[in-house]
Amino acid sequence: MLEIRDIHVYYGDMQALRGISMEVRQGEVVALVGANGAGKTTTLRTVSGLLRPKQGEVWFEGKPIHELPPHQIADLGISHVPEGRGLFPMMTVEENLLLGAHLPRVRAQRRQMLTQEIYPLFPRLKERAGQLAGTLSGGEQQMVAIARGLMSRPKLLILDEPSLGLAPVIVQEMFNIIRRVREEQGVTVMIVEQNVMQTLQLADRAYVVENGEVVLSGDSRTLLDDEHMKRAYLGM
Ligand code: ATP
């Protein structure tokens, strides 16, 4: 479904990605793990068109997308939920959710989408529909961000550190939601996470990024047993 081929990405003169290649197949949950500053967010931003690779290509469903603007990439079915959520705090939960369905492809069905798919999956957001987003707890705000990302009916949902700043019980709830999103909505997921143990339990496969390069990849079970993973990321 998604193929990242040897991308090199710079911020000015600073090279952030040094030839990253990855693949996400339809129906998978694929994780990117690695230390702060390794290049995970940069990889996601390149996929959704917010950054351009100086070298390399990104292909989605058999077409190159690395030269398209972000709104066209979104329209192809890639929805990016950025780190830090990006909600409008002075708008209600429901208004924030409806903004997720601004693309022409989904706009007409947005009410139906909300009541038939989003609220059943996120009952707490239905209860809070009329409340200002800025008054929700961190975990609830993260749920709004994920739900808003789903409102465009994406084929590929990209999540950047959804558990950041959340209490452990809430993190568990959030991972359960992601599991259900994949199972019930058939959405393919690409996720960046610091919570490596829980992420490997959720993901089918993972890529380990260090200094702008993929240093290790494989199916999650194998990575959970890998000596480098255990020492560097699993605290064993
Ligand atoms: P984090 O978990 O902290 O987001 P990351 O693995 O996602 O880490 P990136 O945010 O992709 O890492 O950063 C990769 C490199 O690019 C780092 O060295 C970082 O300092 C640098 N970088 C990221 N954003 C910018 C920017 N806007 N301008 C300049 N350098 C940046």
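Of the residues making up the range 10-34, those that are at negative phi and under 17 Å from the mean Cα position of the chain (by Cα) number 11. The condition of being outside any strand (DSSP E or B), under 30 Å from LYS230 (Cβ atoms) and touching a residue at least 12 places away in the same chain (Cβ under 8 Å) holds for only one of ALA31, ALA16, ALA38, that being ALA38.
Only a single criterion out of (1) at negative phi; (2) within 16 Å of the ligand (Cβ to nearest atom); (3) at pLDDT 95 or above is not satisfied by ILE73, namely (2). Among the numbered conditions (1) surrounded by 15 or more Cβ atoms within 10 Å (Cβ to Cβ); (2) assigned to a helix (DSSP H, G or I), the only one that GLN72 does not meet is (1).
Out of curiosity, is VAL196 within 16 Å of the ligand (Cβ to nearest atom), in contact (Cβ under 8 Å) with a residue 60 or more places away in the chain and closer than 17 Å to THR46 by Cα? Considered against the rule, which asks whether it is within 16 Å of the ligand (Cβ to nearest atom), in contact (Cβ under 8 Å) with a residue 60 or more places away in the chain and closer than 17 Å to THR46 by Cα, VAL196 comes out as no. Of all residues in the range 211-236, those satisfying the criterion of being within 16 Å of the ligand (Cβ to nearest atom) and exposed (fewer than 15 other Cβ atoms within 10 Å of the Cβ) are ASN211, VAL215.
Against the numbered list (1) away from the ligand (no atom under 16 Å from the Cβ); (2) in contact with a Lys or Arg (Cβ under 9 Å, 6 or more places away or on another chain), ASP160 comes up short only at (1).
Against the test of being open to solvent by less than 60 Å² (accessible area, probe 1.4 Å) and away from the ligand (no atom under 14 Å from the Cβ), the options VAL24, VAL33, VAL9, VAL47 yield a single qualifying residue, VAL24.
The values are calculated or read from the model by the stated rules, or taken from the named source; none is laboratory data. Note that the coordinates shown come from a computational prediction; the quantities given were computed from them, not determined experimentally. Every residue, glycine as well, gets a Cβ built from its backbone with ideal geometry; the counts of neighbours run over all protein chains shown. Note: areas computed on protein heavy atoms with side chains; ligands, DNA, RNA excluded. Shrake-Rupley method; radii C 1.70, N 1.55, O 1.52, S 1.80 Å.
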